[in-house]
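> Pasting a structure here, questions to come.
Read the figures in this text as sums done on the coordinates, not as results from a lab. Predicted model only: the values in this text are computed from it and were never measured. We place every Cβ from the backbone using ideal geometry, glycine too, and count neighbours over all the protein chains shown.
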Amino acid sequence: MTRRMELRWGATTHQGRVRQGNEDAFMACPNLFVVADGMGGHNAGEVASAMAVASLSAGAGQGIKSPSELELLIRSANAAIYTASTTYADQRGMGTTITAIARLNNDESESGQRFELAIANVGDSRTYLKRNNELMRVTLDHSYVQALVNEGFISIAEARVHPRRNIVTRALGIESDVEVDISVIEVQHGDRFVLCSDGLVDEADDEEIDTVLYSHETPQMAAEDLVTLANDHGGRDNTTVIVIDVIIYDATPAGGMPVTEPMSNVDEVLQGVISEESATESAAKKPRFAVRKMVAVVGVIAVIAVTIALIIG
Ligand code: MN
């Protein structure tokens, strides 16, 4: 049996109800999906997020074969933004988050045996996976409040309404190199991924996001309704959403029906993510450890510095 994977997606962005402009940027194409949330004065945030998307788009070329390739693309985007921000006075201090999904184009996937996506994250834009009717986060925010959650100081619910929830502890363009979180997920028919900027998660909790995803058949309708949800709840920030549906089907001549297979539960998937991380070695990062280290070593002084440099708006 020859299996094929098709990705169907919908995407939209909105400046929200408060901001004057939109500093988010996104890209959705058959093999690469990117959401970037820029920050910096005098429209520099817009420049940073657009540079991140353009850099990945140009670098992706004929496709991405491995998670480390995706990581390298993001690190070169970081270098380009950093160079611009240290060269042009009006772009000084600009930065951007990034979360990306790349369809891995390798021998195994071409032979139809398994289909893998690489998922990358820097900052507090997020990627979710809805599988088997359960919504889970597949990226870990690099933010002040996530660090507090990791340390057990506050709950996830408290993080959502924390006054400092918009402080990111990692972003592209701030230093000459950047640590990128990368994981690989083997996808199943029926998987639905969501990439979003913090404009969505600031206004809606995971349960509300899940409800919208459940009630919309098409990814475009789901993406648009998630942006509407954020705006209905105040729309205090720009909101960008990409929804991607995974379709796996039997491509042998007599086939054509979706392939159904046993669905793994959330715990198994998360374990899969973690073991993939440790298996990919050079590309693998341990976000939890990195965040801890940030808090322990650099501490309050860094948080104040990052606040000045990166606070959104
Ligand atoms: Mn934002």
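> Give me THR96, THR127 sorted ascending by neighbouring Cβ count inside 10 Å, so fewest comes first.
THR127, THR96
> Pop a pseudo-label 7 angstrom from the Cα along the beta-carbon direction at both ILE156 and VAL18 and give the gap in nm to one decimal.
For the pair ILE156/VAL18, the computed spacing is 2.4 nm.
> Run the numbers on region 4-75 and let me know its relative contact order in percent, using alpha-carbon pairs under 8 Å that are six or more apart.
Rounded, it is 21 percent for region 4-75.
> Highest mean first, how do 244-252, 44-52 rank when packing is the count of other Cβ atoms within 10 Å averaged over residues?
Highest-to-lowest ranking by the protection proxy: 44-52, 244-252.
> If the chain between SER76 and SER57 were fully stretched, how many nm would it gain, using 0.36 nm times the residue separation less the Cα-Cα distance?
Additional length available on full extension: 5.6 nm.
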